[in-house]
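The values are calculated or read from the model by the stated rules, or taken from the named source; none is laboratory data. Just so you know, these numbers come straight off a predicted model, no measurement behind them. Cβ sites come from the backbone with ideal geometry, for glycine too, and all protein chains shown count toward neighbours. Just the protein is used for accessible areas: all its heavy atoms, side chains included, with ligands, DNA and RNA removed. Shrake-Rupley method; radii C 1.70, N 1.55, O 1.52, S 1.80 Å.
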Amino acid sequence: MATRSMVRNLRDRRREADRRFGARLLGAAAAAAVTAVPFGLLLVLVEGQWRPLRRLDAGAARRLHVIALDHPAWTSTLRFLSDRVWDPVTLRTAVALLTVWLVYRRAWRLAAWAAVTAVAGGFIGLLVKTVVERARPSLEDPVARAPGFSFPSGHAMTATTSFAVLLLVLLPMVPRPWRAPCWGAAVLSVVGVGFTRVALGVHWFSDVLGGWLLGLTVVAFTAWAFEAWRADTGRPRAPVAEGLEPELTEERPEAGASDGAEERSVT
């Protein structure tokens with residue numbers, strides 16, 4: 001009798017943890033849209049047309065545009081990277097495939113985290129663009145064009161959320177000597193995306209900075225929700241260097257010791 005009661009308590013605890021995880025995950029995504037202090041400060045400066053920021057934006061756009069006009073081969077490479085390799089569709093497809101793989105691996109909560117982080121980042125970025133309605137740079141003899149509003153950069157924000165998801169999910173599968181290079185490649189890619197958008201003249205530097213900050217905010221809030229779920233289920237806090245779920249290398253990554261105890265008790 002006592003054993004069956006313990007099993008029920010364990011099941012109830014896990015179900016309650018799952019309910020809180022779902023609520024926290026959605027709540028974190030919503031909170032990220034309104035509580036990103038660094039991004040909010042940048043938004044105020046952009047909306048207020050702060051002169052030092054305007055000079056920085058204009059100077060960077062002008063200098064990089066001259067280089068782009070003088071080096072067409074270099075510009076073609078940047079366009080290929082921006083429109084193919086680092087295109088938001090490419091990165092979102094990679095995250096979608098990763099999410100499907102996580103479902104196959106029965107890492108349900110990690111799959112939910114990856115999906116919510118990617119989708120929330122896209123919707124929040126689009127919402128802010130619509131509210132701010134900032135015009136893109138207008139340059140003579142432009143080397144590239146892009147539709148829609150400018151702030152924040154959708155490419156920069158998508159790169160930030162996508163590479164964060166890929167990195168934080170897959171780190172447990174990567175041998176330790178290769179983890180530092182993976183971090184370096186992810187950071188280099190995110191910075192590279194921002195550089196291409198400014199160099200091609202389709203975004204101001206502050207647009208890119210805004211995309212980075214907003215993307216990091218979304219990742220931070222949803223990762224907090226995932227860590228809260230781990231704490232609720234009695235799992236130890238996972239260092240960032242180990243990924244969000246170090247147990248991903250196991251056959252049943254989200255089963256945990258309590259599940260095994262349940263199975264042994266029932267049999």
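FRET efficiency for the Y104 to L41 pair, using the beta carbon distance and R₀ = 45 Å, is estimated at 0.60. The slack in the chain from V119 to R84, taken as 0.36 nm per residue of separation less the alpha-carbon distance, amounts to 10.6 nm. With all protein chains kept in place, the per residue accessible area of region 26-242 amounts to 50 square angstrom at a probe of 1.4 angstrom. Here the extension length gained between V240 and L69 equals 57.4 nm, from 0.36 nm per residue of separation less the Cα-Cα distance.
In this structure W204 has an accessible area near 50 Å², from a 1.4 Å probe over the protein heavy atoms.
The stretch between S76 and S138, if pulled fully straight at 0.36 nm per residue, gains 20.4 nm over its current Cα-Cα span. Rolling a 1.4 Å probe over the protein chains gives I124 an accessible area of about 20 Å². Pairs of Cα atoms nearer than 8 Å and 6+ residues apart set the relative contact order; for region 132-262 it is 34 percent. Size descriptor for region 82-156, Kirkwood hydrodynamic radius: 14.3 Å (Cα pairs only, one decimal). Our note on the geometry: Cα centres of region 87-159 and region 173-227, 12 Å apart.
When nucleic acids and ligands are ignored and a 1.4 Å probe is applied, H71 ends up with an accessible area of around 100 Å². The order of M173, M157 by accessible area, most exposed first and with a 1.4 Å probe, is M173, M157.
Ligands, DNA and RNA left out, the accessible area of region 69-208 computed with a 1.4 Å probe is 70% carbon and sulfur.
Sequence-ordered 3J(HN,Hα) estimates for region 111-124 from the Karplus curve with 6.51, -1.76 and 1.60 and θ = phi - 60° stand at 5, 4, 4, 4, 5, 5, 4, 5, 5, 4, x, x, 5, 5 Hz, glycine and proline given as x.
Give me the net charge for the shell around G192: Cβ to Cβ below 15 angstrom, other residues only, Lys and Arg +1, Asp and Glu -1. With Lys, Arg at +1 and Asp, Glu at -1, the neighbours total +1.
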